[in-house]
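Any read-out appearing in this document is the output of simple, stated calculations on the displayed coordinates, not a laboratory observation. For clarity, every value in this text was computed on a predicted model and none was experimentally measured. With ideal geometry, Cβ positions are generated from the backbone for all residues, glycine too; neighbour counts draw on all protein chains shown.
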Amino acid sequence: MGFKYLQKIPTPSEILQLMPMPEKLKKAKAERDRDIINVIKGSDHRLLMVIGPCSADNEDALSEYASRLAGLQAKVKDRLILIPRIYTNKPRTTGKGYKGMLHQPKASGDPDISRGIKAIRRMHLRVLGESGLTAADEMLYPGNYPYLEDVLSYVTIGARSVENQEHRLTVSGLDIPVGMKNPTSGDLNVLLNSVEAAQVGHTFIYNGWEVKTDGNPMAHCILRGAINRNGHNFPNYHYEDLMYFTQLYLKRPFLNPAIIVDTNHANSNKDFSQQPRIAEEVMSSISKSRDLRKIVKGLMVESYLVEGSQTVSGKVFGQSITDPCLGWEDTRKLVMKLAELA
């Protein structure tokens, strides 16, 4: 037998009973959900910013980051809705390296998924309680969503997961906006097929049940650039890219067509420092086209307290241990600049 059964994982109902959402936070969650959904539907003309570190590796650092973000949110509330990235799973191209707090509640420690589930829920609840901001997380493992379903206001499906049938079907049962990234190949039809699958209902197996979903009308697209067969990065955020994709998008009978532009990854050629320039170019593009202004709903930015990155064993508080990120001062300047441009 190739599997060693290490420990029984607690069920979502057990975790939610052990770590319930406080009543006072439920109202804040409902209000945030409403505002973010209204942006995707087009009745609220503010822009979304899904912003935060590449991976959430330290509860104290994430809480401080989100609290600072809340201070910015108060200043830009008429133009932007800031959604902190609290990504508790980290996809790894080769399977090696830090896989996120769910796997390793202590980044330099051994895997312990039972402890990790409790750690990520505690972190999300703390961030919401201290900052008032509900967060985004990446759905790397569809079966894990119920552990956080009452605290998240936004979910992303990564470039390596977007073609997976289980992810598409699971998204069809969520009642919050879900951004689905173009695959690393850059194939836009694959992306649109994923959104189409997520927007309609399905019957399938989920966490030991036969379930039926109604479809998620808030499923939408994230453009993150592409990688060709030679390993070269190609952006898809320029004006011509956005116009072409908008025309392709609107040919299909989607509900609430929406685009979020990821300013990092292949769009930045993996140079995190280019994110402010890219964000401002996207804002310039949407100012030149009524169609783009209607369909481009926001931006995704990787930032943290301290610029750059460090190794998993690094000791710098609030610096990424995975991909490098913008530092706080550049983040503050970017948010305030985008509020002026929005």
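Test Y98 against the stated conditions and say whether it is crowded, with 23+ Cβ neighbours inside 10 Å and touching a residue at least 40 places away in the same chain (Cβ under 8 Å).
No, not satisfied.
So if I check each of P276, P217, which one is surrounded by fewer than 21 Cβ atoms within 10 Å (Cβ to Cβ), in a loop (DSSP other than H, G, I, E, B) and either in contact with a Gly (Cβ under 8 Å, 6 or more places away or on another chain) or at negative phi (or both)?
Every option except P217 fails the conditions.
Going by what's in this entry, would R126 be described as charged (D, E, K, R), crowded, with 23+ Cβ neighbours inside 10 Å, part of a helix (DSSP H, G or I) and in contact with a helix residue (DSSP H, G or I) (Cβ under 6 Å, 6 or more places away or on another chain)?
no
Which of the residues belonging to the stretch 10-27 are within 12 Å of L128 (Cβ to Cβ) and either surrounded by fewer than 16 Cβ atoms within 10 Å (Cβ to Cβ) or of a type in the set (S, T, Y) (or both)?
Listed by number, the residues that qualify are P22, K24, K26, K27.
Are there any pairs, at least 6 apart or on different chains, whose C-beta atoms fall under 6 Å, with the first in the stretch 164-190 and at positive phi and the second buried (at least 20 other Cβ atoms within 10 Å of the Cβ) and in a strand (DSSP E or B), and if so, which?
Qualifying pairs under 6 Å: G186/A226.
Just checking, which of A56, A66 is in contact with a helix residue (DSSP H, G or I) (Cβ under 8 Å, 6 or more places away or on another chain) and either surrounded by fewer than 16 Cβ atoms within 10 Å (Cβ to Cβ) or assigned to a loop (DSSP other than H, G, I, E, B) (or both)?
Step by step, each of A56, A66 is checked, and only A56 is in contact with a helix residue (DSSP H, G or I) (Cβ under 8 Å, 6 or more places away or on another chain) and either surrounded by fewer than 16 Cβ atoms within 10 Å (Cβ to Cβ) or assigned to a loop (DSSP other than H, G, I, E, B) (or both).
Look at the stretch 231-246 and say how many of its residues are within 15 Å of D187 (Cα to Cα) and assigned to a helix (DSSP H, G or I).
Final tally of qualifying residues: 5.
What number of residues within the stretch 148-199 satisfy the criterion of being among the small types (G, A, S), crowded, with 18+ Cβ neighbours inside 10 Å and within 23 Å of A226 (Cβ to Cβ)?
Here the count works out to 8.
Restricting to the stretch 282-325, what's the tally of residues that are of a type in the set (A, V, I, L, M), buried (at least 23 other Cβ atoms within 10 Å of the Cβ) and either in contact with a Cys (Cβ under 6 Å, 6 or more places away or on another chain) or within 22 Å of S63 (Cα to Cα) (or both)?
3
Determine whether the stretch 78-90 contains at least one residue that is over 29 Å from T322 (Cα atoms) and surrounded by fewer than 18 Cβ atoms within 10 Å (Cβ to Cβ). Before you say what the answer is, go through the steps one by one.
Keep residues of the stretch 78-90 that are over 29 Å from T322 (Cα atoms), which gives 78-79.
Add one more test, that the residue is surrounded by fewer than 18 Cβ atoms within 10 Å (Cβ to Cβ), and what stays is 78-79.
Yes; the residues of the stretch 78-90 include at least one that is over 29 Å from T322 (Cα atoms) and surrounded by fewer than 18 Cβ atoms within 10 Å (Cβ to Cβ).
Matching residues to (1) touching a Gly at 6+ places or on another chain (Cβ under 9 Å); (2) aliphatic (A, V, I, L, M):
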site: M21; (1), (2): no, yes
site: R34; (1), (2): no, no
site: P53; (1), (2): yes, no
site: L62; (1), (2): yes, yes
site: I81; (1), (2): yes, yes
site: T93; (1), (2): no, no
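Could you list, in sequence order, the residues of the stretch 70-118 that are within 16 Å of the chain's Cα centre (by Cα), among the aliphatic types (A, V, I, L, M) and closer than 15 Å to L305 by Cβ?
Scanning the stretch 70-118 gives a single hit, I86.
How many of the residues making up the stretch 167-204 are among the small types (G, A, S) and either under 16 Å from the mean Cα position of the chain (by Cα) or over 15 Å from Y145 (Cβ atoms) (or both)?
6
Is it the case that the stretch 91-103 has a residue that's charged (D, E, K, R), part of a loop (DSSP other than H, G, I, E, B) and over 21 Å from I9 (Cα atoms)?
yes
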